[in-house]
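Below is one structure; the comments refer to it alone.
The values are calculated or read from the model by the stated rules, or taken from the named source; none is laboratory data. Everything quoted here is computed from the prediction, not taken from an experiment. Positions of Cβ are generated from backbone atoms using ideal geometry, with glycine treated the same way; all protein chains shown enter the neighbour counts. These area figures cover heavy atoms from the full protein model, side chains too; ligands, DNA and RNA do not enter into them. Shrake-Rupley method; radii C 1.70, N 1.55, O 1.52, S 1.80 Å.
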Amino acid sequence: MNLDFATLAGLIFGVAIVTVAIMSGSPLNIFLNLPGFMIVAGGTIAATMIKFPITGVFVSLPLGLKAAFSNDKTKASDYIRLTVKLVKKARKSGLPSLEKESVPNAFYKKGIQLCADGKDGEFIRKVLVEEITQEIRREEVGANVFRAIGDSAPAFGMFGTLVGLIQMLSNMTDPSTIGPAMAVAMLTTLYGVLLSQLLAYPISEKLTMKIDRQTALSELILECIVQIQQLQNPTALKDILEPYLPGNQRKAEDDR
């Protein structure tokens with residue numbers, strides 16, 4: 001896995017632009033308000049914990065962050081070339097000879113191990129399909145948690161605004177309390193919008209996109225493993241697996 005620079009750069013750029021825009025017209029410290037931040041952060045966390053099981057929040061959340069900021073640069077065509085290589089070796093030396101092969105993908109490695117152990121194709125397909133299903137479910141929970149954070153943060157920002165307005169209106173006789181109350185009223189909405197639109201929703205969308213890509217890649221790997229188990233002819237193997245390639249990678253493979 002490599003660092004996903006697009007996610008990191010987008011987050012840094014967004015924070016930098018907001019900070020510069022704020023500081024160009026006023027001191028940054030007037031936008032810092034602990035009570036307002038506590039309302040938004042505490043309320044959002046509480047609502048998210050109510051929506052999901054405890055493992056969904058405290059397990060899927062860090063896994064989701066890791067997935068959002070990491071990137072697998074291995075292409076589908078790389079797995080096809082690896083599969084052709086392994087099929088040739090298996091046809092020559094037998095499936096058990098693949099056991100010690102170095103495979104970068106854990107899912108692919110598990111499939112190779114099943115082949116080396118002599119499992120039949122139907123059993124291998126059943127095990128790997130279930131593996132794909134469970135992995136998708138785990139990743140979808142992470143995306144849903146961030147989506148729930150994006151939904152809740154603006155609502156609690158508005159809640160903080162109402163709290164600030166109530167505090168202000170209930171103390172109109174004391175002018176010294178109006179400023180802090182208005183700060184809570186306005187800044188909680190700001191915090192809610194930033195948390196939602198700059199962090200939660202973008203990460204949720206990025207995870208959804210990566211889930212789709214990983215699902216397609218896992219389906220390719222599954223077919224690769226099945227073809228290895230069947231000791232498929234390497235020439236026929238390329239024709240069988242080519243439909244799993246994106247259009248740009250198909251052309252690159254044809255040029256090889």
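At-a-glance table
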read-out: Spherically averaged projected area in nm², based on the convex hull that wraps the Cα atoms of segment 1-80; value: 8.1
read-out: Accessible heavy-atom area order of TYR244, TYR191, TYR108, TYR201, highest first, probe of 1.4 Å; value: TYR244, TYR201, TYR191, TYR108
read-out: Cα-projected label distance for LYS66 with SER176, points at 7 Å along beta-carbon direction, nm; value: 5.2
read-out: Two-decimal Rg/Rh across segment 132-173, once Rg and the Kirkwood Rh are taken from alpha-carbon atoms; value: 1.44
read-out: Cα-based equivalent ellipsoid of segment 132-229: semi-axis lengths in Å, sorted from largest, via gyration tensor; value: 49, 9, 6
read-out: Segment 132-256 - percent relative contact order, Cα under 8 Å, separation 6 or more; value: 30
read-out: Accessible area (Å², 1.4 Å probe, nearest 10) - ASP117; value: 90
read-out: The chain: relative contact order in percent, alpha carbon pairs under 8 Å with at least 6 residues between; value: 30
read-out: Only Lys, Arg (+1) and Asp, Glu (-1) charged, at Cβ; the chain dipole about Cα centre in debye; value: 760
read-out: Distance between modelled label sites at MET209 and MET158, nm, 7 Å Cα→Cβ extension; value: 2.9
read-out: Dimensionless Rg/Rh of segment 84-140 - Kirkwood Rh, Rg from C-alpha atoms; value: 1.03
read-out: Calculated log₁₀ intensity ratio I(q)/I(0) where the Debye formula runs over C-alpha points of the chain, q = 0.07, 0.09, 0.10, 0.11 Å⁻¹; value: -0.40, -0.58, -0.66, -0.74
read-out: Computed FRET value (nearest 0.05) for GLN134 with ALA16, which takes r as the C-beta separation and R₀ as 35 Å; value: 0.35
read-out: Of every Cα-Cα pair in segment 26-145, the percent that sits beyond 16 Å; value: 74
read-out: For segment 87-196, Kirkwood radius (reciprocal of mean inverse C-alpha pair distance, Å); value: 18.9
